[in-house]
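*Asks:* This is the structure I have questions about; it appears just below.
The values are calculated or read from the model by the stated rules, or taken from the named source; none is laboratory data. Since this is a predicted model, take the numbers as computed values, not measurements. FYI the Cβ positions are ideal-geometry reconstructions off the backbone, even for glycines, and counts take in every protein chain you see. Quick note on the areas: whole protein, heavy atoms, side chains included, nothing else; ligands and nucleic acids left out. Shrake-Rupley method; radii C 1.70, N 1.55, O 1.52, S 1.80 Å.
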Amino acid sequence: MARMKFVCDAERCIECNGCVTACKNENEVPWGVNRRRVVTLNDGVPGEKSISVACMHCSDAPCMAVCPVNCFYRTDEGVVLHDKDVCIGCGYCSYACPFGAPQFPAQGTFGVRGKMDKCTFCAGGPEVNGSQAEFEKYGRNRLAEGKLPACAEMCSTKALLAGDGDVVADIFRNRVVQRGKGAEVWGWGTAYGSRQAGQPPAGAKS
Amino acid sequence: QAPASPPAAAGAVTQQPAAPASPAAGGIQSQNIFEVKPDASADPNYAKQSNGERARVQPGNNAPMWRDVGAGVTGYTSLPKSEAPEAGNLIQPFVQYPGSRLTNAGEAWRQVRNNWIIPYGGSLFLIVLLAIAIFYFSKGSIKTHGADTGRKIERFTPFERAAHWSNAIAFSILAISGLVMAFGKFFLLPFMGSTLFGWLTYVLKTAHNFAGPLFAVSLVIVFFTFLRDNWPQKGDVNWLLKGGGLLGGAEPASNRFNAGEKLIFWGGVFFLGIVVVSSGFVLDKLLPGLVYERATMQIAHMVHAVATVLMMCMFLGHIYLGTIGMQGAYKAMRSGYVDEAWAREHHAYWYEDVKAGRVPAQRSEPAPPSQTVQV
Amino acid sequence: MLLTKKSQGIHTDPARRAGSARFVQSLSRGLSSALPTMDRRAFLRRSGLGVGVGLAATQLTLVKKAGAASPATGDGSGKIEVRRTVCSHCSVGCAVDAVVENGVWVRQEPVFDSPINLGAHCAKGAALREHGHGEFRLRYPMKLVNGKYERISWDTALNEISAKMLELRKASGPDSVYVVGSSKHNNEQAYLLRKWMSFWGSNNCDHQARICHSTTVAGVANTWGYGAMTNSYNDMQNSKCALYIGSNAAEAHPVSMLHMLHAKETGCKMIVVDPRFTRTAAKADEYVRIRSGSDIPFLFGVLYHIFKNGWEDSKYINDRVYGMDKVKADVMAKWTPDKVLEACGVDEATTLKVATMMSQNRPSTIVWCMGQTQHTTGNAIVRASCILQLALGNVGVSGGGANIFRGHDNVQGATDVGPNPDSLPGYYGLAEGSWRHFAKTWGVDFDWIKGRYASAAMMGKPGITVSRWIDGVMEKNELIDQDSNLRAVVFWGHAPNSQTRGLEMKRAMDKLDLLVVIDPYPSATAAMAAMPGKAEDLNANRAVYLLPAATQFETSGSVTASNRSLQWREKVIEPLWESRSDHMIMHQLAEKFGFAKELSKNYKMQKVKGMDEPVPEDILREINKCMWTIGYTGQSPERLKAHMRNMHLFDVKTLRAKPGKDKETGYDVTGDYFGLPWPCWGNPELKHPGSPNLYDTSKHVMDGGGNFRANFGVEKDGVNLLAEDGSYSKGADITTGYPEFDHVLVKKLGWWDELTDAEKTAAEGKNWKTDSSGGMIRIIMKNHGCHPFGNAKARAVVWNFPDAIPQHREPIYGIRPDLVAKYPTHNDIKTFWRLPTLYKTLQDKNVADKVELKYPLILTSGRLVEYEGGGEETRSNPWLAELQQEAFVEVNPKTASERGISNGGRVWLSTPTGARLNVQALVTERVGADTVWMPFHFSGHWQGADMLAYYPNGAAPVVRGEAVNTGTTYGYDSVTMMQETKTTICNLEKA
Ligand SMILES: Nc1nc2c(c(=O)[nH]1)N[C@H]1C(S)=C(S)[C@@H](COP(=O)(O)OP(=O)(O)OC[C@H]3O[C@@H](n4cnc5c(=O)[nH]c(N)nc54)[C@H](O)[C@@H]3O)O[C@H]1N2
Ligand SMILES: Nc1nc2c(c(=O)[nH]1)N[C@H]1C(S)=C(S)[C@@H](COP(=O)(O)OP(=O)(O)OC[C@H]3O[C@@H](n4cnc5c(=O)[nH]c(N)nc54)[C@H](O)[C@@H]3O)O[C@H]1N2
Ligand code: HEM
Ligand code: HEM
Ligand code: SF4
Ligand code: SF4
Ligand code: SF4
Ligand code: SF4
Ligand code: SF4
Ligand SMILES: [Mo]
């Protein structure tokens, strides 16, 4: 079975926020909940690079491990989803997630955050595929429709790739070979456990 | 799960393959970072280069930036700080919490919670529970030996009792809900199923979040109410040395509160109370002016969890003694009055003080007429 | 115990689903997952089964029910349709599939087949569906009564507006009315508005192109023929080096970067020249910071090295360029490295590097946009860019060209066929011959149109420009070149905060007799008009009306992207609320004015919400019938629609169609270029494929090839202006230069008899531009491989412009009085587009006043990717608004620390107009220490005060902020009246 992964190509991402609004649009995510966001490093100086980040659907997902009610589950395609009927909004997943993916609709005073929301890889949730209930709670289930995440499909420069990890890696590898540079796959080390960027600073390549 | 096979990857629709880069004359040469040129890295300031400087000598080598990312540096995001204070962090910085590896903060926190607090905290709690059970079943509860005299001493005024019980109720709510949050998925979830368990936990968690501040307030009142009689007094050392009588022999004489109670007061109510309440307030996002970043929350959580486990263990003992562990104790806190016999037996010095009139036997107004004690 | 899908049984049975409460469902689900009898695998299997069955149905299961936002829907059939449309936010022209259920726009899908965007979108395109909600739009007509907007009916609105306009017409003549048209209109609407204006009897109409690329259009057209992007975004994949100067494509044309970044991966070098280190610069191999307004010193500094090293393409220059020798002499004398360094701050090594990169990596292309155009010298700057490309022999070459990124989605089309004050559609001038050509096309009498105008003279006199309408209102009557001052202004798809001198605009608005705003989001203008101003400015009789226009998703029509490709938008939804399409409103107002019959003579009517609306296809057919000059004649609605349906056939790099037929109509698209990029010559039957790259001699004219246009005579001062012998487009019968064709030349060449008899009748006495049969074009191109517009040289020297050879001149408001002494601006012009226009007196006054001491910072402005134009539309879109919640100014850390300004803190930005803007500071090295930068998309705050109270109820955008143009200053291009928005001055202080 395909193992779904994201790659954001920092040599291509232009911080256009297309992916972000695509997600808002497709999943009708409310104001304040940012399933995906774009971060620019070295903003405004030479060396500036942008990266779009959402839930990486980690192999050994920290969010899943700390959830007090075990409301996370992993699909056969490696997508990490959760059940909002069970979620208690404790926020632990957001403490644990390396990428800041889990989002909450409320500010959290008295610990009232509402149910956690995060990127579903456009794979909906535990409700019936394509049902109204699924859409209202989790957004679209594009995977079930045979489509891929809206954010990646609409990315303005195809910096953001999503899909079967092998295919995605192939596309990316091709690009790296073509341009002969920019080989780092952002976040893969942290999310999927290979020795890549995101390892302790001491071990980082220089 | 989704049976349709989705197109392999969104990126697959990008572009037709293009001819490999031909090194064009006069332009900048591309550079494969895996073949770092020695002359560039021979620069003594190589390691200190910014990403822009690095790009000059080794285009495409973004290592300085990735290093920053790993260090949790905050980048730019158009989302306002007020709404999403940490949106600029791609990845949480690397830290090493006590008990974790050096890894990104989220993972480190997970390791502390899941590898230490949950298993060891849970075990400690179970051990204490078990110890008390064994104690109870082997020794039974501490009986009052002498017969009741019928003469009552007012041990706790209505105010003291009100303070204590509101505190105790809040504590119970907090402890039960906290326990379910921390350990429920091991002992409740398998029986209840996730939906029911989710609801239950949701209710409890909400109760916890609101009971916390209540507890904090009542704790302060309790602290000041009982402060006067919890200062160290003569006899405390003796009481401790003799283990409160548990190490054999008769129960040593004590003041209004014995040294054990005082330990709980200072260790549990005062010290752990401060820790639990302050960390709880952080977790509840109730302290104004504080920026509730994940690092803050992780630390607060670890402190809270450790302190609450200790506190629960301590108060398990207290509650045991306050209920089934010692005859008459519970009645004292419920009705406010103890029999002179009980007082003499468990708090001899205090009894003497009352008898000597140094402490009034009836402190609250109006005194119940029938029980007025004349000396 | 992990579950992946909730138990199927409960959900698949709709009856039970509706009947049982959610609690019960959830409970049983919880229990079922706890039952020891069902293990996880069994659970999975069970749910998986159901999913498999349900899948066929879920392929397009659109569960969103018809929302309340749509008043005009709900037949209950649940019909799902996919309508192909085009993003309305910039000139890239990204295609979008809108999924509509029950008349409600429920989803949007990327169009991977589009050769332009391959499914890609920036933030605005990806948020397009918000247009289907229209939550913050104006819902019904409104009128300003006692400072508050009140709802009125359409009938009342149309009656009152038309009555008032007729009254003004009677009292002050047709020229007392000014119509600000729109580049947001589709081609049909833009064209109809120019026609409408002609029937009203005035040339006082304009649109965004004036303040956008007017300098480009004038400068470039006068250099080589057409004022348009020569190549395409796609063609940039063939470039070896790209120089972006004054373009921030990563934010303004994000999807164009898809092609550029791909080119980079295959070895293309990228250079960015900008006062600001933009997000585009972040992707460049080389970034050069220049002082705003100093592009000519830089470009000529580069050219200096090219000439010095002999890197120019001598053969190309000899064959195809006029006047390069004169330019060379000028450049070598004036733009030595020391002078370049002094004027733009770039050293010799850098200009040499850029010259080397551009010369050694040919074909190299140049990209420019607002950084070049919005200056008093805009027309000269863009010509300097052309000259650089001509010197390198890059024009008319795939991978080369002048890739001028246009602005609004249809600014190219609106410029080509829309409401321009100095021309009729298709750049036909205002001469009688053009009028007669159109009178014939429109089927009306020339004299009737003439009678509509104040006089024959006014008919031939270019109108006031949108950049100056405020002066049309405020200027002393005796100084203006028309009878009356402007008394009525109609904003028909244009924001107010996009024009400079906001403080004066407020006064002008108050002085008007009538202000009409026809827009889906008229609120910025509305709020500005309703906001109390100075009592003495207010015209007591002023009437203000707001009319809700439909968006481009509520109508159909064609739109021209920057690369000159036309795309057809299908109607996605019916007009929301009470809104009406612009062409319907034009028709209805024409009814009131009594010229509806003439206006819509050639159009069938269709019913929309029960009312008559001219059929867009018919309007396009009328365009096809007359727009010979620029080849808008081959793009019939049928061909365009076939392209939209068969996008998959077009190659991404060449834009050319692989063999294939449209299933619906049988039309053979083989060989067409996508969207039939104009010029698409002759009748649709000629099947000209469109021109992917202009002036490309390597292709046959019937394959989209061409050469430079003969538009300026055959010789100048004894020098040949036609192409030299041997320079001609592939396969042409004439292998020398030749002038444009008319009946005389055709007869002389002996080609006349190739025309049919009918064609001969139509062509007799005509030239190729006015031959309504298209016959001449057919035989010239098809039979003889020649270009109807001739084969000439491009002009490096444009002798009819104020600076025949581009000269650097300092902006009117600047911080370098030392340079003003060396590079002074133009002399004042007494009447220029009907208005007196200041240059030197104002610049001298500024130098004398030492404004640079009080306002020591250069203020420039530009775009954010999330917002568009004045921004009222995009700031009303919550998905976008969330991403940019504050108006800000970018300040260099040094400048900030000198003023005690901290990142995120509030500052007062003051300008010489006296305006004071309260904005947030973004401290960044993106800008140099002498420059600050502001996005111009904000409005709704006025010098520190929130204007919310003045908005029509419910129609205020989600995000409001200070508009930079409240504070921008005077200054206009010496050819086109482009406003000087990219260079003015200001000061900052901590608020
Ligand atoms: N997101 C978004 N996209 C848009 C639009 C929008 O509003 N929002 N509008 C569309 C429209 S109408 C247009 S016209 C285009 C405009 O597209 P662009 O022109 O690319 O955008 P701007 O940001 O206005 O200006 C480009 C750059 O010019 C620089 N600049 C300023 N002064 C000078 C100068 O003197 N010389 C040089 N070389 N550069 C200078 C500015 O720093 C800025 O980075 O964008 C279109 N696309
Ligand atoms: N300081 C500064 N000023 C600038 C610029 C700059 O860079 N700096 N750039 C200039 C440039 S290049 C441009 S193009 C202008 C852009 O400025 P404008 O074009 O004035 O800005 P928009 O907000 O895009 O205005 C378009 C209006 O049309 C409306 N509209 C959209 N669709 C339709 C429709 O179908 N029908 C009708 N009737 N209305 C519709 C929208 O709601 C909106 O109100 O700003 C110019 N001003
Ligand atoms: C004596 C009292 C308390 C006990 C025994 C207790 C116990 C616990 C426990 C066991 C947890 C769960 C930790 C985990 O799952 O890892 C927890 C979490 C929490 N506690 Fe307490 N706690 C007490 C007091 C308080 C107080 C006084 C406050 C607030 C003022 C508070 C606020 C919280 C919050 C906010 C959480 C995080 C969970 C959530 O947000 O729902 N607690 N507590
Ligand atoms: C449900 C649980 C509890 C029960 C059944 C209980 C019972 C009692 C009883 C019976 C006494 C009287 C002991 C005596 O007469 O010496 C007492 C005293 C006291 N209890 Fe509790 N208690 C409970 C929870 C708590 C909690 C949560 C706190 C504070 C955090 C607390 C603080 C005190 C204090 C301060 C005293 C006075 C003795 C001293 O200062 O040591 N109790 N409790
Ligand atoms: S990215 Fe965060 S939320 Fe997503 S799977 Fe990993 S840990 Fe969980
Ligand atoms: S917020 Fe919800 S999903 Fe996240 S850990 Fe808590 S219960 Fe689990
Ligand atoms: S995969 Fe879907 S849910 Fe996740 S960020 Fe992309 S669009 Fe949003
Ligand atoms: S859409 Fe693509 S290029 Fe734009 S911000 Fe997202 S990842 Fe980057
Ligand atoms: S704004 Fe321009 S680049 Fe962005 S989606 Fe629309 S057309 Fe494409
Ligand atoms: Mo523009």
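*Asks:* Between B and A, buried accessible area summed over both sides at probe 1.4 Å, in Å² to the nearest 100?
*Replies:* Looking at B and A, the buried total is near 6800 Å².
*Asks:* List every residue whose amide H lies under 5 Å from the amide H of C:Val891, counting only residues 5 or more places away in sequence or on a different chain, with H placed 1.01 Å from N in the peptide plane.
*Replies:* Under 5 Å from the amide H of C:Val891: C:Leu922, C:Val923, C:Thr924.
*Asks:* OK, next. Mind putting together the pair-distance distribution for region C:817-990? All Cα pairs, 10 Å bins, whole percent per bin, short to long.
*Replies:* Once binned at 10 Å, the Cα pair distances of region C:817-990 give 10, 34, 32, 19, 5, 0.
*Asks:* Taking amide hydrogens as modeled 1.01 Å from N in the peptide plane, which residues meet the under 5 Å criterion relative to C:His121, leaving out close sequence neighbours?
*Replies:* For C:His121, whose amide H was placed from the backbone, the distant partners under 5 Å are A:Cys155, A:Ser156.
*Asks:* Taking R0 as 22 Å, what's the FRET efficiency between C:Asp849 and C:Asp828 from their Cβ-Cβ distance, rounded to 0.05?
*Replies:* 0.80
*Asks:* Let me ask you something else. Semi-axes of the equivalent ellipsoid of region C:492-563: what are they in whole Å, largest first, if each equals the square root of 5 times a C-alpha gyration tensor eigenvalue?
*Replies:* Values for region C:492-563, descending: 29, 14, 9 Å.
*Asks:* Also, quick follow-up: Under 5 Å between amide H atoms, partner at least 5 residues away or on a different chain: which partners does C:Ala543 have, H built in plane at 1.01 Å?
*Replies:* For C:Ala543, whose amide H was placed from the backbone, the distant partners under 5 Å are C:Leu514, C:Leu515.
*Asks:* Computed FRET efficiency, Cβ-Cβ of B:Leu126 and A:Ser59, R0 22 Å: what is it to the nearest 0.05?
*Replies:* Once the sixth-power term is evaluated, E becomes 0.10.
*Asks:* According to a simple spin-label model (label point 7 Å from Cα along Cα-to-Cβ), what is the distance in nm between B:Val217 and B:Ala147?
*Replies:* 4.8 nm
*Asks:* Identify the residues of region C:701-723 with backbone N under 11 Å of a label point that sits 7 angstrom from the Cα of C:Asp325 along the Cα-to-Cβ direction, or state none.
*Replies:* C:719-720
*Asks:* Let me ask something additional. Taking R0 as 56 Å, what's the FRET efficiency between C:Glu536 and B:Glu53 from their Cβ-Cβ distance, rounded to 0.05?
*Replies:* 0.40
*Asks:* Compute the Rg to Rh ratio over region C:526-655 from the alpha carbon atoms, using the Kirkwood formula for Rh, and round to two decimal places.
*Replies:* Reported Rg/Rh, Kirkwood definition of Rh: 1.09.
*Asks:* Ranked highest first by average number of other Cβ atoms within 10 Å, how do B:234-242, B:338-346 line up?
*Replies:* Ranking, from highest mean packing down: B:338-346, B:234-242.
*Asks:* Let me ask something else about it. What is the antiparallel percent of DSSP beta bridges lying wholly in the protein assembly as shown, to the nearest 5?
*Replies:* 60 percent
*Asks:* Another one. Using each residue's phi in region A:155-172, evaluate 6.51 cos²θ - 1.76 cosθ + 1.60 at θ = phi - 60° and report the 3J(HN,Hα) Karplus result to the nearest Hz, with x for Gly and Pro.
*Replies:* 3, 5, 10, 6, 6, 8, 10, 9, x, 3, x, 5, 5, 4, 5, 5, 4, 5
*Asks:* At most 15 other Cβ atoms within 10 Å and a DSSP loop assignment: could you name the GluC sites (Glu not before Pro) in region C:753-814 that fit?
*Replies:* Filter output for region C:753-814: C:Glu764.
*Asks:* Turning to a different aspect of this structure: Could you work out how far the C-alpha centroid of region C:616-650 sits from that of region C:768-819, in angstrom?
*Replies:* Answer, in whole Å: 25.
*Asks:* Restricting to Cα pairs below 8 Å that are 6+ residues apart, what does the relative contact order work out to for region C:833-955? Please round to a whole percent.
*Replies:* 31 percent
*Asks:* In addition: Could you check the spin-label model distance between C:Asp668 and C:Lys748? Points 7 Å from the Cα along Cα→Cβ, value in nm.
*Replies:* About 3.7 nm, to one decimal.
*Asks:* Gap in Å between the Cα centre of region C:920-944 and the Cα centre of region B:188-208?
*Replies:* Answer, in whole Å: 51.
*Asks:* Roughly how many Å² of B:Ile319 are accessible to a 1.4 Å probe, to the nearest 10?
*Replies:* Roll a 1.4 Å probe over it and B:Ile319 shows about 80 Å².
*Asks:* When the scattering of region C:609-740 is computed by the Debye formula from its Cα atoms alone, each counted once and equally, what is log10 I(q)/I(0) at q = 0.21, 0.22 Å⁻¹?
*Replies:* Once normalised to I(0) and log-transformed, intensities are -1.19, -1.25.
*Asks:* To continue, here is another question. Can you compute the equivalent ellipsoid semi-axes for region C:80-226, i.e. the square root of 5 times each eigenvalue of the Cα gyration tensor, sorted largest first and rounded to whole Å?
*Replies:* Largest first, region C:80-226 gives 34, 27, 13 Å.
*Asks:* Moving on to the next point. Can you give the net charge of the other residues whose Cβ lies under 14 Å from the Cβ of C:Glu898, counting K and R as +1 and D and E as -1?
*Replies:* Value of the local net charge: +1.
*Asks:* Now for a different question. Within straight cross-link reach of B:Lys285, meaning Cα distance under 29 Å, which lysines are found once same-chain residues fewer than 8 apart are removed?
*Replies:* Hits, sequence-local ones excluded: A:Lys24, A:Lys84, A:Lys115, A:Lys118, A:Lys137, B:Lys81, B:Lys185, B:Lys205.
*Asks:* I've got another one for you. Once both labels are modelled 7 Å past Cα along the beta-carbon direction, what's the B:Phe191-C:Lys597 spacing in nm?
*Replies:* Roughly 9.1 nm, to one decimal.
*Asks:* For region C:214-404, with every protein chain kept in place, what is the accessible area per residue (1.4 Å probe, Å²)?
*Replies:* 19 Å²
*Asks:* Counting Lys and Arg as +1 and Asp and Glu as -1, what is the net charge of the other residues whose Cβ lies under 13 Å from the Cβ of C:Cys386?
*Replies:* +3
*Asks:* For chain B, modelled as a Gaussian network with Cα springs under 10 Å, which listed residue fluctuates most, B:Val73, B:Val57, B:Val95?
*Replies:* Its mean-square fluctuation being the largest, the pick is B:Val57.
*Asks:* What is the log10 of I(q)/I(0) for chain B, computed with the Debye formula using one identical point scatterer on each Cα and no solvent, at q = 0.08 Å⁻¹?
*Replies:* So the normalised log intensities work out to -0.63.
*Asks:* Here's a follow-up. Taking N as the number of residues in the protein assembly as shown, what value does Rg over Cα atoms divided by 2.2 N^0.38 Å take?
*Replies:* The reported ratio for this selection is 1.07.
*Asks:* Provide a whole-number value for the mean count of partner chain Cβ atoms within 10 Å of the Cβ atoms in peptide B:99-109.
*Replies:* Mean partner-chain Cβ count within 10 Å for B:99-109: 5.
*Asks:* Report, in deg cm²/dmol and to the nearest 500, the calculated mean residue ellipticity at 222 nm for the protein assembly as shown, where each DSSP H run with n ≥ 4 adds -39500 (n - 2.57) and the sum is divided by the residue count.
*Replies:* Counting only the DSSP helices, I get -10000 deg cm²/dmol.
*Asks:* ³J(HN,Hα) across region C:866-882 via Karplus (A = 6.51, B = -1.76, C = 1.60, θ = phi - 60°), whole Hz, x for Gly/Pro?
*Replies:* Along region C:866-882, the couplings run 6, 10, 9, x, x, x, 4, 5, 6, 6, 8, 9, x, 5, 8, 4, 4 Hz.
*Asks:* Accessible surface of C:Thr670 in the full protein assembly, 1.4 angstrom probe, to the nearest 10 Å²?
*Replies:* About 60 Å², ignoring ligands and nucleic acids.
*Asks:* Next question. Find, among the trypsin sites (Lys or Arg not before Pro) in region C:464-572, those assigned to loop by DSSP (not H, G, I, E, B) with at most 15 other beta-carbon atoms within 10 angstrom.
*Replies:* Sparse-neighbourhood loop trypsin sites (Lys or Arg not before Pro): C:Lys476, C:Lys534.
*Asks:* Report the far tail of the P(r) of region C:247-369, meaning the percent of Cα-Cα pairs longer than 17 Å.
*Replies:* Of all Cα-Cα distances in region C:247-369, 60 percent exceed 17 Å.
*Asks:* Scattering from the C-alpha atoms of chain C alone, worked out with Debye: what is log10 I(q)/I(0) at q = 0.04, 0.08 1/Å?
*Replies:* -0.19, -0.77
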